[in-house]
Amino acid sequence: MTETFVLIHGSWHGAWCWAGVRAPLEAFGHRAYALDLPSHGENRFERSKVTLQVYADSVIKFIAEQDLRNVVLVGHSMGGLVISQVAQRIPKRMKRVIFVTAMVMEDGERPVDLSLDPNRPLAELANSRPDKSIPIEPLRSVSGRRSSRTLRKICRTTCFPPSLRSP
């Protein structure tokens with residue numbers, strides 16, 4: 001039976017991060033769509049105007065424009081917040097919702113409530129910038145010289161968008 005998957009990335013990512021998932025799904029005959037949420041990947045939406053509602057609206061619009069039904073909606077990390085909103089707003093188009101190490105809020109909880117103290121400096125940095133974001137360039141050290149060559153390659157090919165990948 002053919003399934004229709006809509007794959008929603010988390011923060012710091014774009015549709016590109018699902019390439020290793022889409023290919024096998026499509027090889028098994030399923031339809032798999034990975035979206036760039038507003039201001040991620042190739043989507044040039046103004047970062048300072050992004051909200052959870054903007055994210056959810058963009059996914060709902062895509063599903064409606066493609067006339068997708070019985071959707072298996074998959075969200076990773078921050079994408080869990082997005083798919084929760086989407087599933088609540090268009091439940092008749094959903095078949096299943098899958099949270100992959102994703103954020104999930106209780107009723108009445110705010111995304112900021114999920115932030116742990118170690119994340120506060122990142123949030124403060126983002127809030128201090130006009131575009132309300134953190135540039136990814138300083139985070140490149142995650143795959144720095146102290147790790148093995150194999151681990152660096154995995155990080156560079158899966159954790160960074162194509163435009164920031166290096167050998």
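Details
- If you go through the stretch 1-18 and keep only what is in a helix (DSSP H, G or I) and either touching a helix residue (DSSP H, G or I) at 6+ places or on another chain (Cβ under 8 Å) or modelled with pLDDT under 90 (or both), you end up with 16, 17.
- Any hit, the stretch 138-151, residues being assigned to a helix (DSSP H, G or I), among the hydroxyl-bearing types (Ser, Thr, Tyr), modelled with pLDDT under 65 and surrounded by 15 or more Cβ atoms within 10 Å (Cβ to Cβ): yes
- Residue in the stretch 58-67 that is under 12 Å from the mean Cα position of the chain (by Cα) and in contact (Cβ under 8 Å) with a residue 40 or more places away in the chain present: yes
- Residue within the stretch 1-24 that is over 22 Å from residue 103 (Cα atoms) and touching an Asp or Glu at 6+ places or on another chain (Cβ under 9 Å) present: no
- The residue that is farthest from residue 11 (Cα to Cα), counting only those in the stretch 25-57 that are touching a residue at least 12 places away in the same chain (Cβ under 8 Å) and of a type in the set (D, E, K, R), is 31.
The values are calculated or read from the model by the stated rules, or taken from the named source; none is laboratory data. Predicted model, so just to flag it, every value in this text is computed and none were measured. Glycine gets a Cβ as well: all are built from the backbone with ideal geometry, and neighbour counts include every protein chain shown.
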